[in-house]
Amino acid sequence: MIGFLSGLVDFCRRRAWLVIALALVAAAASGFYASRSLGVNTDTAKLFSPNLLWRKQSVAFDKAFPLGVNKTVIVVDGASSDAVADGTTALTAALKQRPDLFLSVYRPDGGAFFDRYGLLFLSVDALGKLSDQIAQAEPLLGPLAADPSLRGLFGVFDQALQGLEHGEAGADQLGGPMDRFAKATLSLVDGHPRQVDWGQLMTGQPPRPEELRHFILVQPKLDYNSLEPGGAADQAIVDLVHTLHLPEQGVRVRLTGDVPLNDTQFAAVTKGAGLTTGISMGFVVLILLIGLRTPRTIVAIVLTLIFGLLMTAGFAAAAVGTLNMISVAFAVLFIGLGVDFGIQFSMRYRAELYELTRDGAPADHGAALARTARSISAPLGLAAAATAVGFYSFLPTDYQGVSELGLIAGTSMIIALLSNLTLLPALLAVLPARQGRPEAAGFAWAAPGDHFLQRHPRLVLGVALAVGLAALASIPTVRFDADPLDLQDPRLEPVATAQELTHNPQTGPSIDLLAPNLKDAEALAVKLGQLPEVRQVLSLAVFVPGDQPAKLDIISQMQLFLGPILDTGNTLPPPSAAEERVATEQFLAHLKTLLASPAGAPIAGPGQALADALTKFLAMPQGGDTAKLRQILLGGVEGRIDSLRAAMDAGPLTTETIPAEFKSRWIAADGRARLEVYPKGDIKDSVVLASFVDAVRTLAPDATGGPVLILETGRTVSHAFVIASLYALIGITFVLAVMLRRVRDVVLVIVPLILAGLYTLGTTVLLGIAFNYANVIAVPLLMGIGVAFDIYFVVLWRSGSGPVALLQTPTARAVVFSACTTATAFGSLAFSQHVGTASMGILLIIALFYVLVSTLLVQPVLMTLLGRGRAA
């Protein structure tokens, strides 16, 4: 093998221009193919094998309820229940007018079903109290139903003032509304308009939390030819929000759900990939300038690196076609690892050139390249094989995302080896060389370090093993974060909104179940509801309220006193702005007159506040905008009146009479019934999550949904991590045993690797760093990196020409600068906008640091204790 590889290097040196031309053609073809064929998919479900049982269960549920797949969740909230309700209704109606962008538009907590039957879900006592409150508000609501304008509003108040003057009306019925209208009018004058909440005015109760937030679920048409498939639909929603002037009405609209989260994640991954690749290349060049100091060599390494990267991209396009959010990092990994081979080759070439010119002989670059080929081919080949095995160790796992990265990165090591044994020597052969004798390649200043390691090997090894044992003891506390939300930037709106909803027990994730029919679903719901881990179970049966006869009787009584409101045939034509102004001025004059008389004493406080507010409004430029005043005072009244009218149409409700649109969300086309199971406690707590899922599965083994997916993905990744690490260790050990053929030499490579792995795990515990989907590759990856460094030293040591004082050798210099370039490449991942990718960079830096420490400190003392090594 060594003869073949050295012969390959010599051939490429002698046929340099031919090799360069062929490489240029191959790189251009591969790069073109990759640009046309290589895509990115950010769907986290695609990171795992479809053959896993929990994946099959998830797919089966999605097929039963396809409208729940690829959805955008629109969250509408605000300080006024009126504004939120009306804004949600208006936005829903506008979205339904865009079938070109949305396959379905649905309100899970509102719409026609809840407008008509919503009162039936109140208790009998609560409905009775609400009826009494509305009865008290009816004198105000009745006229406004016919004339919802400032003319109608102040006309009602004017009649009330007349009643006060004649002693017919109580101040307690006027004071509250007057105070609300005064505050609302002043908010308009002050430039911070706040609308009157008619829901609160009618019921006399502050709005409930669920009344201040509503949801719209839409299923957008996805354009997979676009970088962000849901981008057009999301932008249309944003445009509609502004067209409807919802922000001006105090309504906030946010987007989250599968589509916005995937689009956001895609943007972060792709933008981050370009940034990190650019930063990686820049830092690599900088480190090469510091370490090699010869532009000719640096140019050759960088060009070789670019060639290898293009060839790897072409292979990725052919092998997997679509990158996932893990395998998209292959470029940075290739730069970090591929440059190591170039540095090792170049540093050995520099050392051979130095030896050839030791006696003042002229520099013979051809001879130096030939000697380099013979001396470096074996360690490079062995390092490439071992590193590739480290990556390939992920292939047999169910973690498909990293399995694909392992395939690409493992093959890239073979590409990097061939590139550095073909194109690099060809480039070095044709690029003009600097005249004169090169500098010595080793670290002469490292002599004190070598002396210390030689004098105190047992002390150094003892400390290393003690720290390793402490790290080993911390392994049971290593954490894995399986929540995909934690991989994304929490400052982004879709992510922040999803996190907020997850922490709220009322809107957090639930387990989804399928029962053969509704009857079985009801029976299962009873059993699930008795589990201590379960807070609530929902099925279609939950939406059939109890005590319907008593509630319908109350509603029939409400119909009697709401007669004027229910009659839609007596609506007056809307007044002009001038008529509304006149009505406002007349009411204000009447109010001031009343307040100046004894009859106005009962309403002196709220009446004077309203008079002052209206006076300031009329004193505004152009006498105030009556349209804005009408919106502030009456913007919510029509919606509440419409809701009352709809609620008065309620009748007996059964599972058979539930509207089809609503029913289709709970009963599949084949009759199977859906259940939603909600947990007690904080689902973000891993213990609570596991207990909840395991408890539900005792009754429903086919459970799926967010909590199940989070738990199972975590278990799958953790298992893949353990299996891949074992496979990597076994595979690397096998390769080393075959190539090195001495147990002692294998131990010299493996022991530093194991210690570096333990140190890395212990540091994650110490710093509170959790493993996740992305950074879990760090430990198997460090095996690939570390084995390369250790192999270089072992091959040098066993050759007999290398002393135990390894820190002063050219190999040590190559390892250090190779580690620096790899560190800058991996560290650049930390600049990614994708949190998972950034965490990968941080953990890889930690792992690489311990690899370097183990290689430069532990391996030399082991060699000292074992004695000089020569080929057996």
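Some observations on this one:
- For segment 18-139, the percent of C-alpha pairs falling in each 5 Å distance bin, counted from 0 to the bin holding the largest distance, reads 2, 7, 9, 11, 11, 10, 10, 9, 8, 5, 5, 4, 3, 2, 2, 1, 1, 1, 0, 0.
- Within the accessible area of the chain, the carbon and sulfur atoms contribute 62%, probe 1.4 Å, all protein chains present.
- Cα-centre dipole for the chain with unit charges at Cβ (Lys and Arg positive, Asp and Glu negative), debye to 20: 5220
- Residues ASP86, ASP340, ordered by accessible area of protein heavy atoms at a 1.4 angstrom probe radius and largest first, appear as ASP86, ASP340.
- Reciprocal mean inverse distance between Cα atoms of segment 735-865 - Kirkwood radius, Å: 15.3
- Cβ crowding within 10 Å averaged over residues, with 174-185, 730-741 ranked highest first: 174-185, 730-741
- Sorted into 10 angstrom bins from 0, the C-alpha pair distances of segment 33-93 split as 16, 26, 22, 24, 11, 1 percent.
- Inter-probe distance in nm under a simple model that places probes 7 Å from Cα toward Cβ, at ASP158 and ASP109: 4.1
- Packing rank of 531-537, 87-93, where each peptide gets the mean count of other beta carbons within 10 Å, highest leading: 87-93, 531-537
- Exposure rank, largest accessible area first [HIS242, HIS590, HIS192; 1.4 Å]: HIS192, HIS242, HIS590
- Share of Cα-Cα pairs in segment 808-872 lying beyond 17 Å, as whole percent: 53
- Base-10 log of normalised Debye intensity for segment 474-600 (one unit scatterer per alpha-carbon) at q = 0.13, 0.14, 0.16, 0.22 Å⁻¹: -0.93, -0.96, -1.04, -1.25
- Rotationally averaged projected area of segment 525-652 (alpha carbon convex hull; nm²): 14.7
- Solvent-accessible area per residue in the chain equals 42 Å², computed with a 1.4 angstrom probe and all protein chains kept.
- Using Cβ point charges alone (K and R +1, D and E -1), the dipole size of segment 42-83 about the Cα centre works out to roughly 400 debye.
- Based on alpha carbons, the Rg and Dmax found for segment 633-748 are 28.4, 89 Å.
- CD proxy at 222 nm, helix term only [per DSSP H run n ≥ 4: -39500 (n - 2.57); per residue of the chain; nearest 500]: -21500 deg cm²/dmol
- Using heavy atoms of the protein chains and a probe of 1.4 Å, the accessible area assigned to HIS451 is about 80 Å².
- With the charge dipole of the chain set up from +1 on Lys and Arg Cβ and -1 on Asp and Glu Cβ about the Cα centre, the Cα lying farthest toward the positive end among the listed residues VAL677, ALA589, LEU246 is that of VAL677.
- Segment 613-678 - Rg and Dmax from Cα coordinates, angstrom: 22.9, 66
- Degrees separating the helix 171-189 axis from the principal Cα axis of the chain, which is the longest one: 40
- Expressed as a fraction of 2.2 N^0.38 Å, the C-alpha radius of gyration for the chain is 1.28.
- By average C-beta atoms within 10 angstrom, highest first, the peptides 253-264, 125-136, 676-687, 144-155: 253-264, 144-155, 676-687, 125-136
- Segment 177-268: Rg to Rh, with Rh as the Kirkwood radius over Cα pairs: 1.14
- Sorted into 5 angstrom bins from 0, the C-alpha pair distances of segment 124-240 split as 2, 8, 12, 15, 15, 12, 8, 7, 7, 5, 4, 2, 1, 1, 0 percent.
- When only the Cβ of Lys, Arg, Asp and Glu is charged (+1, +1, -1, -1), the dipole of segment 583-720 relative to its Cα centre reaches about 220 debye.
The values are calculated or read from the model by the stated rules, or taken from the named source; none is laboratory data. On a predicted model such as this, the values are computed, not experimentally measured, just so you know. Glycine also receives a Cβ, built like all others from the backbone with ideal geometry; neighbour counts cover every protein chain displayed. SASA here: full protein model, heavy atoms, side chains in, ligands and nucleic acids out. Shrake-Rupley method; radii C 1.70, N 1.55, O 1.52, S 1.80 Å.
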